[in-house]
Amino acid sequence: MITSKYDFITPLLKPALMMICLFVLTSVTAMAQAPCTPVNIAPPSDPALLVFDLEGKIQSYNSTTRTITANGTTIFIPTTVLVETRNADLTGNITFANLTDATLEAQRSIVGGTVIASGDIVFGQGTSGNCVSMNATKVFVELAENVVVGLLSNVDTAAGSFRVNGSLVRMNTDPRFPKDILDVGANQLTIADLASHEGETISVGGYFDAAQNVLFGTLVETDFVKALPGQDGVAILRTEGRTGSRELRVDGQNARNPQGQFAASVTVFSGGLDANGTQCVGTQLGTAAVSAVDGSWAFRQKPIATIPTQVCVKSPFGGIDTSAVTIGN
């Protein structure tokens with residue numbers, strides 16, 4: 001007795017039918033997630049041509065279909081791809097769901113911001129012929145790229161603000177985007193650390209809120225070195241190991257100690273920091289003289305038996321920093 005219209009199918013054919021159904025459903029679901037735009041061309045024979053790059057103003061997004069539209073182009077963001085919001089050179093730090101969080105979007109939307117994306121062009125078959133989908137492999141999103149460079153003033157630690165060329169700056173509070181204040185060595189600073197550097201040059205990148213007349217900073221870069229309480233500061237600016245000439249180069253800059261003095265020299269080690277972060281571990285390589293004018297210094301060792309993967313630099317006044325070594329020819 002046949003109880004289903006499919007009961008007449010032999011057991012051998014049922015698995016095949018199930019695979020066909022699964023393929024069709026998967027294809028339909030994929031097409032629903034990755035919009036396919038009609039085109040009047042066939043897929044190119046060269047796979048190298050099946051890539052796209054996009055940079056533009058975000059017109060809209062769809063959290064359900066996982067798409068962002070900019071410059072009239074809609075890109076699909078697979079669940080395996082994280083969105084980058086810190087630096088376009090990095091590979092991803094938040095999910096698409098976090099980027100389009102409804103609560104955060106109600107406060108400040110990514111619509112009107114900038115997206116920089118790249119990925120694969122995938123050909124499909126639409127109702128009227130060939131169509132293409134833009135499947136992203138790398139996505140960077142920022143609210144804006146507003147920048148001001150000038151003199152730091154009016155540092156107000158209590159209010160969490162400062163001014164650059166008169167523009168009022170507060171640090172970004174949206175958790176989707178960074179709020180970094182960095183010294184010349186890319187070490188983290190606080191607004192309180194800025195107070196003793198009024199009158200010096202500073203760069204602020206972020207997004208401007210016209211309603212509040214505030215530039216919300218996502219990346220603040222300074223030209224000075226962070227000094228530790230009761231000590232000086234050390235920042236490694238460049239490290240380079242050249243395998244061909246067996247040479248190690250380390251350049252950096254010091255901050256003054258509380259008495260207003262630069263250390264006479266710094267000591268360079270192959271290795272990193274100890275568990276407390278107060279001492280260098282590894283082999284001492286040598287010393288470098290510190291300029292009494294601006295605190296800069298340069299260390300060179302040639303030939304060097306083994307180029308280290310990391311170096312640590314220590315000042316006799318207490319400042320310390322470590323950095324990975326860039327290896328070249």
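Take the alpha carbon gyration tensor of the stretch 146-222, find the square roots of its eigenvalues, order them as a ≥ b ≥ c, and report rounded if a/c is under 1.5; if not, report prolate when a/b exceeds b/c, else oblate. Write out the running numbers ahead of the final one.
Working: a/c = 1.45, a/b = 1.16, b/c = 1.24.
Rounded shape, in that the Cα axes give a/c under 1.5.
Starting from 0.36 nm per residue, how many nanometres of slack lie between ALA298 and THR283 once their C-alpha separation is accounted for?
Working: separation 15, 0.36 × 15 = 5.40 nm, distance 1.83 nm.
Gain on extension, ALA298 to THR283, equals 3.6 nm.
If exposed means no more than 14 neighbouring beta carbons inside 10 Å and the site is in a DSSP loop, what's the longest run of the chain without any exposed trypsin sites (Lys or Arg not before Pro)? List each step's numbers first, then the result.
Values: sites that count: LYS5, ARG246.
So the longest stretch without any such site is 6-245.
In the chain, which longest range has no chymotrypsin sites (Phe, Trp or Tyr not before Pro) that are both DSSP loop (not H, G, I, E or B) and surrounded by at most 14 other Cβ atoms within 10 Å? Write out the running numbers ahead of the final one.
Numbers: sites that count: TYR6, PHE8.
Longest run free of exposed loop sites: 9-329.
Label points 7 Å out from Cα along the Cβ direction at ALA97 and ASP46: separation in nm?
Label at ALA97, label at ASP46, 4.1 nm between them.
Tell me, what ³J(HN,Hα) does each residue in the stretch 84-96 have, in order and in whole Hz, if you take phi through Karplus 6.51 cos²θ - 1.76 cosθ + 1.60 with θ = phi - 60° and put x for Gly and Pro?
Those phi angles translate into 9, 10, 9, 8, 4, 7, 8, 9, x, 9, 9, 7, 5 Hz.
Take every DSSP beta bridge with both residues inside the chain and express the antiparallel ones as a percent of the total, to the nearest 5.
On the way: 84 of 97 bridges.
So the antiparallel bridges in the chain amount to around 85 percent.
How big is the antiparallel share of DSSP beta bridges in the stretch 233-328, given as a percent to the nearest 5?
Expressed as a percentage, antiparallel bridges in the stretch 233-328 total about 90.
Residue by residue through the stretch 156-169, which ³J(HN,Hα) values in whole Hz follow from phi under the Karplus form 6.51 cos²θ - 1.76 cosθ + 1.60 (θ = phi - 60°), with glycine and proline marked x?
Using θ = phi - 60°, the values come out as 10, 4, 5, 7, x, 9, 7, 10, 10, 6, x, 6, 7, 10 Hz.
Taking the chain as a Gaussian network, where each spring joins two C-alpha atoms under 10 Å apart, which residue of GLY150, GLY244, GLY124 fluctuates the most?
Largest GNM mean-square fluctuation: GLY244.
Using alpha carbon centroids, what distance separates the stretch 55-93 and the stretch 177-250, in Å?
Each part reduced to its Cα centre gives a spacing of 28 Å.
Working out 0.36 nm times the residue gap between SER167 and LEU151, then minus their Cα-Cα distance, what length gain in nm do you get to one decimal?
Values: separation 16, 0.36 × 16 = 5.76 nm, distance 1.02 nm.
This chain segment gains 4.7 nm when fully extended.
Any chance you could give the angle, 0 to 90 degrees and rounded to 10, that helix 14-33 forms with the longest Cα principal axis of the chain?
50 degrees
List the residues whose amide H sits under 5 Å from the amide H of SER296, counting only those 5 or more places along or on another chain, with H placed 1.01 Å from N in the peptide plane.
Here the answer is ASN254, SER291, since their amide H atoms fall under 5 Å of that of SER296.
Since every read-out is calculated from the coordinates, none of them should be taken as a lab result. Everything quoted here is computed from the prediction, not taken from an experiment. Please note: Cβ atoms are built from the backbone with ideal geometry, for glycine as well, and neighbour counts cover all protein chains shown.
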